[in-house]
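Bear in mind these aren't lab numbers, they're just calculated from the coordinates by the rules spelled out. Note that this is a predicted model, so its numbers are computed, not measured. Note: ideal-geometry Cβ built from the backbone for every residue, glycine included; neighbour counts use all protein chains shown.
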Amino acid sequence: MTGIDSCMVLAAGLGTRMRPLTNDRPKPLVMVAGKTLLDHVLDPLAEAGITRAVVNVHYLADQVEAAVARRERPRVIVSDERAALLDSGGGVAKALPHLGPRFLVRNADAFWRDAGRSSLARLIEAFDPRRMDTLLLLARMEASVGFDGPGDFFRDADGRLTRRGAAARAPFAYAGAAVMQAEDFAGHAPGAVFSLNSLWNASIARGRLHGLVIDGLWLHVGTPAAIGEAEAAIAGML
């Protein structure tokens, strides 16, 4: 699937699990291995051909705006959520006028190191609207650093996803990247507060939520301790 050149970067969270580092800076501007989490997200977007990124802001928003003001690849549009946080789905819904019919969505607290081809390029190419509403990028639990959860999804031979549900563990975690479609947000007006999970659950019920697995190492940086784990993992790959 081609023609995807925009991305929504979810960067408006409060970063409470990253305190005390986020007492004076927003979580996307926390440094890991010599650059900010936000740059760890934006740089691969540019390499994958994304020309336009919408970054939402709330907590210490002026700092994020200053950090992206001079960026040209990708060009950054700021979506202002200072007045109220809209959750992940609401944040995307507000930004839809800037995103086009199909687009990437990225979390700002996770990135990865590819072992082969760009996972973002593979994700864009693999998206097939005939079979799927959304295509999530997944990480194998055994190829993850900094993630202490039980996993999110099971994946069948055709790539369809189901939730972990009552199982103790699932083999895949959501890696913080997805291809989505504007039409799937129909009925959610700008300003609505809702999670992307509500859309994904509806897609699961239709058998139309699919997943693609990272070929490489996923780095989830949600706490101060996870910074050191990520930096050690990156150093070990050099």
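The table below lists the values:
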item	result
Percentage relative contact order, the chain, counting C-alpha pairs under 8 Å, at least six apart	26 percent
Shape category assigned to the range 119-210 from the gyration tensor of Cα positions, a/c cut at 1.5	prolate
Label-to-label distance, nm, for residues given as L21 and A33 (7 Å Cα→Cβ offset)	1.3 nm
Paramagnetic reach from A235 in the range 16-37 [backbone N under 18 Å; point 7 Å along Cα→Cβ]	31-36
Neighbour net charge for I204 - beta-carbon separation under 9 angstrom, K R +1, D E -1	+4
Extension reserve of the L14-A143 stretch, reckoned as 0.36 nm per residue once the Cα distance is removed	43.7 nm
Extension gain from A168 to D114, taking 0.36 nm per residue of separation minus the Cα-Cα distance	16.6 nm
Whole-Hz ³J(HN,Hα) from phi, Karplus 6.51 cos²θ - 1.76 cosθ + 1.60, for the range 198-206, glycine and proline x	5, 5, 5, 5, 5, 5, 4, 4, 8
Cleavage-rule hits, GluC sites (Glu not before Pro), the range 49-126, DSSP coil, Cβ neighbours within 10 Å at most 12	E72
Protection proxy ranking of 174-181, 137-144, 90-97 - average other beta-carbon atoms within 10 Å, highest first	174-181, 90-97, 137-144
All-pairs Cα distance distribution in the chain, expressed in whole percent, bin size 10 Å	8, 33, 40, 18, 1
